[in-house]
Every structure is written in structure tokens, then in C-alpha cells.
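Nothing in this text is a laboratory measurement; each read-out follows from the coordinates by a stated rule. Computed from a predicted structure; not experimentally measured. For neighbour counting, all protein chains shown are included, and Cβ atoms are generated from backbone atoms with ideal geometry for every residue, glycine included.
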Amino acid sequence: MRLILPTAWHPAAVDAGLIAVATADVVLHVIPQWPVAKTVSGGVALLALLMRRHHRYLAFMFTVPALIMTSIATPALIALYTVARHARDRRVVVLCAVTVAVADGIPSPLDFHGHGSRDLLITVIYSTLLGAAPAFLGQLVQARADLTARLRDVVEARERSERLAAQTVLATERAQLAREMHDVVSHQVSLIAVQAAALQVSAKPTDAAAAGTIRELAVKTLNELRHMINILQASASRATPLAPQPTLTNLHALVTDSGLDATLHGQLREDLDAATQRAIYRTVQEGLTNARKHAPGAPVDVELWHDRSVVGVTVTNGPPTRQALSLPSAGHGLIGLRERAELLHGTLTTERTGDGGFRISLHLPITK
């Protein structure tokens, strides 16, 4: 949305036009029989208009004598409009308008010579309108300028709001992308690295070289993923909606295909919402990934459980039976799991077991 405003005239051009009109009014009024004082008052009124932008009240005062002495009204009306255009105190505007009306009406009643109250009433009405018109016009232009400025502020605020909303959406998408990269891609690549390392140990020398190359490429890919995740999470929002992911029906395949000595037991309620199922799935996936990376050869126990109000999963692995592989890790997995748990008003706890293993426990409230 763009606010289209009319192009303002250049101030110098406006001043030149107004002074030209005022000069014409003075020239048409001046006659040779006038006293010098009247002619001088007209000239002073014209010169006063040159300072109306910076000293509007002083300019107005210098135009009033010409209106009183000669009925030259244009300079006084221009000066009154300038005062009304910029003055914020309406009492000042009313005072200046009354001054113009009185100054315009003073000479005429003195020249009535008994023409009657009808002429006096007409003079009062015309003088009042003469003072009120520029005052109302100036106030109207001031109100229009204020409204234009407010509309401009509203448009700018709306544009800022739209930009902020776009940035929020972008940050949300980056957080979601970072999470899914870690949960899906990193999990699969780490599995490739582990399997390649195992093949490198047991394969023939000719195949071991290929397995070693695969493992090196997998490790390099994990490093690159870690840097990409860091960049994405730098500007991400915590309030990231969970994207559609595998459900609890995929847990058995996840454990079976993990390549670990893993056991899945226990069961969960069938009426769990999709977000809760995804959180449990990702917790099991992260527990298997951590066991594969940090506790090779250790048995893994995945226990599902629930009661009337809470559902959860516990993934426990024993101590490693062989040296762990040196795979890159930035700790984003557990951070992501805690974020998922907090979004669902649950908790995630991690702890070392007494035998040197590791345990991850997820507790989530059951939503009706």
C-alpha cells in the first residue's frame, strides 16, 4: 500500500504569486490624492509579506494598518491565512480574525453619515466574513496536513509490520529447516558413517579403502550440515511449528533399521495427537543417533509408557564396548528436543547412568 500525495508547489513560487496578487491590489487602490501615510502603509504591507514564513505574527501586524487606512485587504488576508495555517492555539486564530474584521469595518461606519443601520449591518457581516474566510481556510489546510502526516505514519507502520511479519515467517522457516536437517539428514548421514566404519574394519583391503572414503565423505557432510544448521538457527524463532513427520507407526522400523542392539517395548495410547507422536519419534531417533555416535556396541532400550495424564518415552543406552567414532557434533539435537517438549508443555531430561551409559526421558501431557 502506497500513499499517493499531490505534489506541493515550491514555496518561492507560492510567495511570488501571492505577492503579485497583493501588489496588484495595492496598485489598484493607490490614487494620486492619497496622503503619503496611506501609500507608505500599502508598501509596508507588501514588504511584510516577505517575512510571513518566519515571522508570521509580525508580518500580520504590519499588514493591519494598510487595511485600516486604505481598505487594502489582500496583504492582511494572506498574513491571516499564514497565521491560521500554522497556529495551534485557536484563540490566537480567532483574535487575528476579529482584528481583520474590525480593521475592515472601522472606516465604513465613520463614512455612513446617517445612511442607517441597514448599511452598518451589511458592513459588519461582510467584515466578519472577510476575517473568518482566511482563518477557516488556514485551519482547514492545517488539518489536512496533519491528516496526511498521520496517514503516512499509518502506512509506514503497516509496511514495518508487514516486513516484521515476513521476517518472522522467514525465521520460522529457517528454524524448521534447521531442525529437519538435523533430525532427518544428519541422522541418515551419521548412519552411513557408522556402517562405513564397520565395513572398513571387516572388509577386504580392496573394499576397505572404498569404505574409508565413504566414511570420510560422510564425516565431511556432517561438518557441512553442522555449519549450515548454525547459520539457519542464528536468525530463527523458537516458536516454530512442527512439520508433518513420521508417526508412532514408524517407530518399529526406526529401531529395527538402526543397526544397533536396540529393543523397543511398551505401548502408547492410540489417540495421541500428531505433534505428540512426532515429538516421541524424534526423541527415539535422537537417542539412537547419540548411542550410535558415542556408545558403539552398547545395547539400547526404548521404553514407551503412559498413564492417565502423561505420556512419554525413555531411551537408555549402556556404556560403549569399543572406541567411539570421531564424528562432528554441535549439540543441536538435544536443544531441538527440548524445544519440541517446551512447545508441547512437556519436559525433556538427560542424565548419565550408573554404568556409564546415557538416558533421555521425554514427558508430555496428554491433550484432550
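Can you spot the aspartates and glutamates whose alpha carbon is less than 18 Å from Lys38's alpha carbon? Ignore those fewer than 8 places along the same chain.
Asp25, Asp104, Asp111
What's the exposure ranking of Ser190, Ser361, Ser258, going from fewest to most Cβ atoms within 10 Å?
Listing Ser190, Ser361, Ser258 from fewest to most nearby Cβ atoms yields Ser361, Ser258, Ser190.
Compute the signed sum of charges (Lys and Arg +1, Asp and Glu -1) over the other residues within less than 12 Å, Cβ to Cβ, of Thr247.
Local net charge: 0.
Return the FRET efficiency for the residue pair Leu334, Glu224: r is the Cβ-Cβ distance, R0 is 22 Å, and the value is rounded to the nearest 0.05.
My answer for the efficiency is 0.60.
Mind listing the phi-derived Karplus ³J(HN,Hα) values for segment 188-196, rounded to whole Hz, using 6.51, -1.76 and 1.60 with θ = phi - 60°, and x for any glycine or proline?
Karplus values, whole Hz, x for Gly and Pro: 5, 5, 5, 5, 4, 5, 5, 5, 5.
Give the long-range amide H neighbours of Asp273: residues separated by 5 or more places, or on another chain, with amide H under 5 Å away, using H modelled in the peptide plane at 1.01 Å from N.
Sorted by chain and number, the residues that satisfy this are Thr367.
Using a/c under 1.5 as the rounded threshold, could you call segment 11-157 rounded, prolate or oblate? The axes a ≥ b ≥ c are square roots of the C-alpha gyration tensor eigenvalues, and prolate needs a/b larger than b/c, oblate otherwise.
Taking the square roots of the gyration eigenvalues as a ≥ b ≥ c, segment 11-157 is oblate.
Taking amide H positions as placed 1.01 Å from N in the peptide plane, with prolines and chain starts having none, which residues 5 or more places from Ala295, or on another chain, fall under 5 Å of its amide H?
Here the answer is none, since no amide H 5 or more places off falls under 5 Å of that of Ala295.
Could you state, as a whole-number percent, how many of the C-alpha pairs of segment 245-368 are farther apart than 23 Å?
27 percent
Report the net charge of residues surrounding Val124, where surrounding means a beta-carbon distance below 13 angstrom and charges are Lys +1, Arg +1, Asp -1, Glu -1.
Combined, the nearby Lys, Arg, Asp and Glu give -1.
Calculate the length of the line joining the C-alpha centroid of segment 50-83 to that of segment 277-308, in whole Å.
So the separation of the two Cα centres works out to 87 Å.
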